[in-house]
Every structure is written in C-alpha cells, then in structure tokens.
1. On a 18 Å Cα-Cα criterion, which of the cross-link pairs 29/67; 13/127; 29/101; 101/144; 99/144 come out too long?
2. Once the dipole of the chain is set up with Lys and Arg at +1 and Asp and Glu at -1 on Cβ about the Cα centre, which of 58, 73, 116 lies farthest towards its positive end?
3. What FRET efficiency do you get for residue 59 and residue 9 if R0 is 25 Å and r is their Cβ-Cβ distance, rounded to the nearest 0.05?
4. With every protein chain present, what is the per residue accessible area of segment 1-75 (1.4 Å probe, Å²)?
5. List the trypsin sites (Lys or Arg not before Pro) in segment 19-70 that DSSP assigns to loop (not H, G, I, E or B) and whose Cβ has at most 12 other Cβ atoms within 10 Å. Which are they?
6. So, with +1 on the Cβ of K and R and -1 on the Cβ of D and E, and no other charges, what is the size of the charge dipole of segment 1-42 about its Cα centre, to the nearest 20 debye?
7. Which longest run of the chain has no exposed loop site in it, a site being GluC sites (Glu not before Pro) in a DSSP loop with at most 12 other beta carbons within 10 Å, and the site itself not part of the run?
8. From the Cα gyration tensor of segment 60-145, with a ≥ b ≥ c the square roots of its eigenvalues, which class applies: rounded if a/c is under 1.5, or else prolate if a/b is larger than b/c, or else oblate?
Amino acid sequence: MRVGIGNDIHRLKEGRTLVLGGVIIPSDKGEEAFSDGDVLIHAIIDALLGATAKGDIGSLFPDTDDKNKGRSSLELLKETLQHTGARIINLDTIIELEKPKLRPYIDKIRESLSDNLSLDIDRISVKAKTAEGLGPIGEGLAIKATAVVLIDN
C-alpha cells in the first residue's frame, strides 16, 4: 500500500464557474485556471501521482500545452488513473472556501467522485472548512483543496 497527498489553490474570479469534484456549485465566483480549475480534482490528481511517485499535475498536464486549456478536470483525472494504474482504497479531502457554504453539495460531490473513481462512496470523505475570515481564503479571494489517498499498487 502507498499513501499520497496533494493540494491545490486557485484565485477566485467573478464570471468563472465554480467546479468541485466535477459538480458545478452555484456561486458568483469560480476558479481562475488554465483548465476548468477544479481544485478538488487537482488535489486528488497530485495525491495519486505522489502515491505512485510519478510527478505532479504540472508535469503531466502542463499549462504550456494548449490541449489542456479549458479541459475538464474529470478528463485529467481519468488520464491520471490510467497513467498511474492506481487502485484506490480510500480518499480523504478538505475544501477550504469562505462562501458559498458547501454542506448542501457534499453528497453530490462524493457521488461524482464515486462514479469517476469507481470507488464505493463510503470510502470517500469530503469536508468543507472556512478560514474564519483570515487570509486570501477568508477574504473570498481564493479556494484551496487537500487530498490524501491510500492506494494498493
């Protein structure tokens, strides 16, 4: 068994779509990024790549390659799963965002991850935290996600 950890942070920008775990979240701001900016999926990708010692998201999907511009992070996740050959045992994640409140969307996010990872939903944890008004996350300027994955390879 192997463990990997990943995290990602993006600026929030008006007019962008907020996507988390492949789920569109109603919000006046979304992630500013080269792809769709799904920080949760990006953190999971980095965790998988870390667990298999195969680099990071920037080396596998560089922002210098135009084919990655605007791509769905779910597509990137599927390619990462093929690239790593990882069999996930469980996944634990944290999303840090001041607003909107994510509690109403956590189950949808878990369902999306379950479908896209072919993993039982009871092996997926998604937690949402605020920054209590502190720093760029607390000021509503950024969003951050962290993921820890246990794999059997």
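1. With Cα atoms farther than 18 Å apart: 29/67; 13/127.
2. The Cα lying farthest towards the positive end belongs to 116.
3. Details: r = 18 Å, r/R0 = 0.72.
Efficiency, rounded to the nearest 0.05: 0.90.
4. That works out to 49 Å² for each residue.
5. Of the trypsin sites (Lys or Arg not before Pro), the ones in loops of segment 19-70 whose Cβ has at most 12 other Cβ atoms within 10 Å are 69.
6. Numbers: 5 positive and 7 negative charges, 26 e Å.
In debye, rounded to 20, segment 1-42 gives about 120.
7. On the way: sites that count: 132, 139.
Here the longest run is 1-131.
8. Oblate, because a/c is 1.5 or more while a/b does not exceed b/c.
The values are calculated or read from the model by the stated rules, or taken from the named source; none is laboratory data. This structure is a prediction, so every number in the text was calculated from the model and none was measured. Cβ: placed from backbone, ideal geometry, glycine included. Neighbour counts: every protein chain shown. Heavy atoms of the whole protein, side chains included, go into the accessibility calculation; ligands, DNA and RNA do not. Shrake-Rupley method; radii C 1.70, N 1.55, O 1.52, S 1.80 Å.
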